[in-house]
Amino acid sequence: MKHVRLGLIGCGVVGSGVLRVLSDRGGIVGDMLLEPTRIAVKHLSRPRPSYVPREKLTDDWRSVCLADDVDVVIEVMGGVDVAHEVVCTALRAGKPVVTANKALMAAYGPELRAMARQHGVSLRYEASVLGGVPVIHALETYFRVNRITGLRGIVNGTSNYILTRMTQEGASFADALAEAQALGYAEPDPTSDVEGHDAFFKLQVLLQVLGVDTEPLRRGALLPTSGANSAGTRPVAYLAAPREGIAHLTPDDVERARLRGEKLKHVASARWREDGVIEVRVGVESLAPTDPLFGIDGVENALAITGDVVGTVTLTGPGAGALPTASAVLEDVMQWAAVAYAGNDAVEDELGWRLNPSRR
Ligand SMILES: NC(=O)C1=CN([C@@H]2O[C@H](COP(=O)(O)OP(=O)(O)OC[C@H]3O[C@@H](n4cnc5c(N)ncnc54)[C@H](OP(=O)(O)O)[C@@H]3O)[C@@H](O)[C@H]2O)C=CC1
Ligand SMILES: N[C@@H](CC=O)C(=O)O
């Protein structure tokens with residue numbers, strides 16, 4: 001049995017979820033023994049669940065990234081600036097990294113992937129989009145025959161949970177948000193969820209996986225009235241309308257949609273145009289029962305991927321929460337381990353093909 005030593009940076013909702021899964025299974029996942037050897041947190045004295053090995057806690061994340069007894073660094077602390085330093089430190093030290101951090105990947109994805117390649121190590125981020133649903137894996141390894149022409153989804157569990165509770169139970173926005181926080185769905189700062197930032201980050205990560213230039217999105221750039229054509233070889237994405245969240249919605253808005261037989265949903269979408277420009281929208285839509293996203297309720301997420309040959313394929317599943325996200329994090333660890341320990345180079349080639357133009 002192969003022994004894989006994990007260094008966790010962060011032990012909140014997601015980090016604790018990872019430790020709970022490992023504790024429940026005695027560390028054995030497939031043919032690997034996964035052992036958390038070091039765990040970095042911010043507040044050493046904070047109460048933790050019983051399955052968190054307190055003797056392994058430190059408030060020095062750098063020592064975890066550089067430790068000889070850490071084979072893989074798992075970044076589940078959130079935020080951007082320190083997380084960026086964490087991931088760069090680990091990659092430069094030759095450690096593979098698994099992260100759940102979409103804010104980080106939206107801002108620094110291209111740089112971090114390049115750094116990982118330069119140092120010959122793996123960087124995986126399945127948990128950053130759609131929680132437990134393997135959508136990044138699907139986009140990286142499948143859809144080669146198809147030219148993708150559209151992505152459309154409900155990609156923020158907190159917003160969907162709030163809107164569902166308001167629609168079905170008449171709950172107040174504040175109560176539903178408090179529930180989403182208690183259930184571990186919301187970001188440490190839930191403004192990111194309810195103002196649409198989180199969904200926007202996730203769409204940027206997905207577009208990056210598909211080789212799209214997301215730099216204008218990072219700047220919040222709206223589609224120029226002219227001259228938006230892609231001059232280069234890569235498609236370029238722009239916002240077709242300002243990003244919108246759900247925080248401005250009133251109970252009356254929700255009720256009016258319900259009386260029409262519709263539901264208000266927070267939807268993120270990207271549409272590929274013939275001229276190489278991709279139009280991105282992140283905002284509220286009133287969905288009719290015929291819409292494939294109409295039945296996606298609660299913390300459930302969905303992504304409809306449209307290809308020119310297959311038509312539309314929709315992936316759905318739990319979009320947030322400790323265990324679904326821990327599942328995605330540990331699947332990434334196992335994906336890396338399959339390459340590193342089983343010598344299965346084909347897996348690495350599969351996962352890297354779309355990001356490395358020489359493999360296209
Ligand atoms: N919650 C979810 O459902 C999902 C979350 N994610 C992503 O996962 C990441 C973590 O989210 P979540 O677990 O909910 O967040 P939490 O706020 O629950 O946990 C954050 C953890 O990071 C630790 N931390 C913060 N700053 C530092 C620091 N400087 N050094 C060391 N540790 C630090 C905190 O320490 P302490 O405990 O001491 O405060 C805490 O343990 C985010 O990027 C989020 O976007 C992705 C998918 C789903
Ligand atoms: N806060 C996020 C967590 C998962 O990415 C959400 O609600 O979707």
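Of the residues contained in the stretch 35-58, none is found to be touching a residue at least 60 places away in the same chain (Cβ under 8 Å), more than 20 Å from V121 (Cα to Cα) and either more than 19 Å from the chain's Cα centre (by Cα) or buried (at least 21 other Cβ atoms within 10 Å of the Cβ) (or both).
The single condition among (1) surrounded by fewer than 23 Cβ atoms within 10 Å (Cβ to Cβ); (2) of a type in the set (D, E, K, R); (3) within 16 Å of ligand 2 (Cβ to nearest atom) that E126 does not satisfy is (1).
Can you find a residue that is within 16 Å of ligand 2 (Cβ to nearest atom) and of a type outside the set (K, R) anywhere in the stretch 273-282? I'd like the intermediate steps shown before the answer.
So in the stretch 273-282, the residues within 16 Å of ligand 2 (Cβ to nearest atom) come out as 282.
Then keep just the ones that are of a type outside the set (K, R); that gives 282.
Checking the stretch 273-282: at least one residue is within 16 Å of ligand 2 (Cβ to nearest atom) and of a type outside the set (K, R).
As a summary of the residue check, L239 satisfies the conditions (1) touching a helix residue (DSSP H, G or I) at 6+ places or on another chain (Cβ under 7 Å); (2) under 23 Å from G298 (Cα atoms); (3) open to solvent by less than 50 Å² (accessible area, probe 1.4 Å) except for the one numbered (2). Number of residues in the stretch 141-179 that are touching a residue at least 60 places away in the same chain (Cβ under 8 Å) and closer than 20 Å to P324 by Cα equals 11. Within the stretch 22-36, one or more residues are closer than 21 Å to P134 by Cα and part of a helix (DSSP H, G or I).
When you look at P224, is it over 23 Å from the mean Cα position of the chain (by Cα), away from ligand 1 (no atom under 16 Å from the Cβ) and in contact (Cβ under 8 Å) with a residue 60 or more places away in the chain, yes or no? Explain how you work it out, then say what you get.
On the way: over 23 Å from the mean Cα position of the chain (by Cα): yes; away from ligand 1 (no atom under 16 Å from the Cβ): yes; in contact (Cβ under 8 Å) with a residue 60 or more places away in the chain: no.
No: the conditions fail for P224.
Quick grid of which residues meet (1) outside any helix (DSSP H, G or I); (2) small (G, A, S); (3) open to solvent by 50 Å² or more (accessible area, probe 1.4 Å); (4) under 27 Å from P251 (Cα atoms):
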position: L139; (1), (2), (3), (4): no, no, no, no
position: L151; (1), (2), (3), (4): yes, no, no, no
position: S159; (1), (2), (3), (4): no, yes, no, yes
position: M166; (1), (2), (3), (4): no, no, no, yes
position: A174; (1), (2), (3), (4): no, yes, yes, yes
position: Y185; (1), (2), (3), (4): yes, no, no, yes
position: S192; (1), (2), (3), (4): no, yes, no, yes
position: D198; (1), (2), (3), (4): no, no, no, yes
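Would you confirm, using the coordinates I've provided, whether D193 is of a type outside the set (A, V, I, L, M, F, W, C), at pLDDT 95 or above and touching a Lys or Arg at 6+ places or on another chain (Cβ under 8 Å)? Spelling it out, it is not the case that D193 is of a type outside the set (A, V, I, L, M, F, W, C), at pLDDT 95 or above and touching a Lys or Arg at 6+ places or on another chain (Cβ under 8 Å).
Go through L249, L217, L210 for me and flag whichever is away from ligand 1 (no atom under 16 Å from the Cβ), open to solvent by less than 50 Å² (accessible area, probe 1.4 Å) and closer than 30 Å to G170 by Cβ. It would help to see each step written out before you state the result.
Numbers: L217 fails: closer than 30 Å to G170 by Cβ; L210 fails: closer than 30 Å to G170 by Cβ.
Going through L249, L217, L210 in turn, just one is away from ligand 1 (no atom under 16 Å from the Cβ), open to solvent by less than 50 Å² (accessible area, probe 1.4 Å) and closer than 30 Å to G170 by Cβ: L249.
Residues to consider are K102, K95; find the one that is within 22 Å of K42 (Cα to Cα), touching a residue at least 60 places away in the same chain (Cβ under 8 Å) and within 14 Å of ligand 2 (Cβ to nearest atom). Of the residues listed, the single one that is within 22 Å of K42 (Cα to Cα), touching a residue at least 60 places away in the same chain (Cβ under 8 Å) and within 14 Å of ligand 2 (Cβ to nearest atom) is K102. Within the option set A127, A107, being closer than 18 Å to V18 by Cα and assigned to a helix (DSSP H, G or I) holds for one residue only, A127. Scanning the stretch 159-177 turns up no residue that is at pLDDT 95 or above and touching a Ser or Thr at 6+ places or on another chain (Cβ under 7 Å). Among the numbered conditions (1) aliphatic (A, V, I, L, M); (2) buried (at least 22 other Cβ atoms within 10 Å of the Cβ); (3) closer than 30 Å to G220 by Cβ; (4) more than 16 Å from ligand 2 (Cβ to nearest atom), the only one that V64 does not meet is (3). Residue count for the stretch 293-314 under the criterion of being free of Cβ contacts under 8 Å to residues at least 24 places away in the same chain and open to solvent by less than 40 Å² (accessible area, probe 1.4 Å): the result is 1. Considering (1) open to solvent by 10 Å² or more (accessible area, probe 1.4 Å); (2) assigned to a loop (DSSP other than H, G, I, E, B), the lone condition that V133 does not fulfil carries the number (1).
The values are calculated or read from the model by the stated rules, or taken from the named source; none is laboratory data. None of these values were measured; they are calculated from a predicted model. No Cβ is skipped: glycine too gets one built from the backbone with ideal geometry, and neighbour counts run over all protein chains shown. The area values use the complete protein model at the heavy-atom level, side chains included, leaving out ligands, DNA and RNA. Shrake-Rupley method; radii C 1.70, N 1.55, O 1.52, S 1.80 Å.
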